[in-house]
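Structure first, then comments.
The values are calculated or read from the model by the stated rules, or taken from the named source; none is laboratory data. All of these numbers come straight from a predicted model, not from anything done at the bench. Note that each Cβ is placed from the backbone with ideal geometry, even for glycine, and that neighbours are counted across all protein chains shown.
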Amino acid sequence: MLQFLLNSVLLGVGLAMDAFSISVANGIIEPDMKKSRMIKIAGVYAFAQFLMPVTGWFLVTTVAEIFAAFHKLIPWIALILLLFIGGKMVFEGIRDRKHGDKKDDTKEKGTAKLTWGALIVQGIATSIDALSVGFTIADYTVWRAFAASLIIGTVTLVICLLGLIFGKKIGGRFVSTATIIGGAILILIGIEIFVKGFFGL
């Protein structure tokens, strides 16, 4: 039992690193984020990290051949999603600096604020590789797989909250370029996920 808990926690830490990095980026672009919003954002990442291993386990134990074919697309999906969101943020940040939107603080905050649509895309992009965990827990019973996924989700929640707190502190110092920095981080994470998944690193 202890070994199971330890393995699940360590797996959660490893899977949560991309979500942690994006949480830092979100904290940077929204340094005035309230605690309730932080919990909601971290909750989206945590739920995604919980759902993906469960889904992966189900697919592996039922339609393994289909999942194996889909597995090859995971790095591409993550790359495309994060390049789109990150590129959009960088473009908006450069555009706002060029047009001098500093005069309108409300507009600046509105531009930088993370939308729920973008948040869901980020959650999918950072957790889609967790589908692969289905391979590693294929021999688990349904309740054991559920428990492992729940632990992974809980670990992700805590780590993402820490990332948001850290990002907020950084964002308060670099408000003028926060959106560009956040977008660049998302792009780099997308490339990292793609390289690790495509080349098996």
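What the table below lists for this structure:
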item	result
Number of positions in segment 9-45 that are buried (at least 21 other Cβ atoms within 10 Å of the Cβ), of a type in the set (Gly, Ala, Ser) and under 20 Å from TYR140 (Cα atoms)	1
Check on PHE135, aromatic (Phe, Trp, Tyr), surrounded by fewer than 21 Cβ atoms within 10 Å (Cβ to Cβ) and modelled with pLDDT under 80	yes
Residue in segment 46-67 that is over 18 Å from ILE180 (Cα atoms), under 23 Å from the mean Cα position of the chain (by Cα), at pLDDT below 75 and part of a helix (DSSP H, G or I) present	yes
Among the candidates ARG97, ARG144, residue that is modelled with pLDDT of 80 or more, of a type in the set (Lys, Arg) and farther than 22 Å from LYS34 by Cβ	ARG144
From LYS88, LYS72, residue being without any contact (Cβ under 8 Å) to a residue 24 or more places away in the chain and either in contact with a helix residue (DSSP H, G or I) (Cβ under 7 Å, 6 or more places away or on another chain) or not β-branched (Val, Ile, Thr) (or both)	LYS72
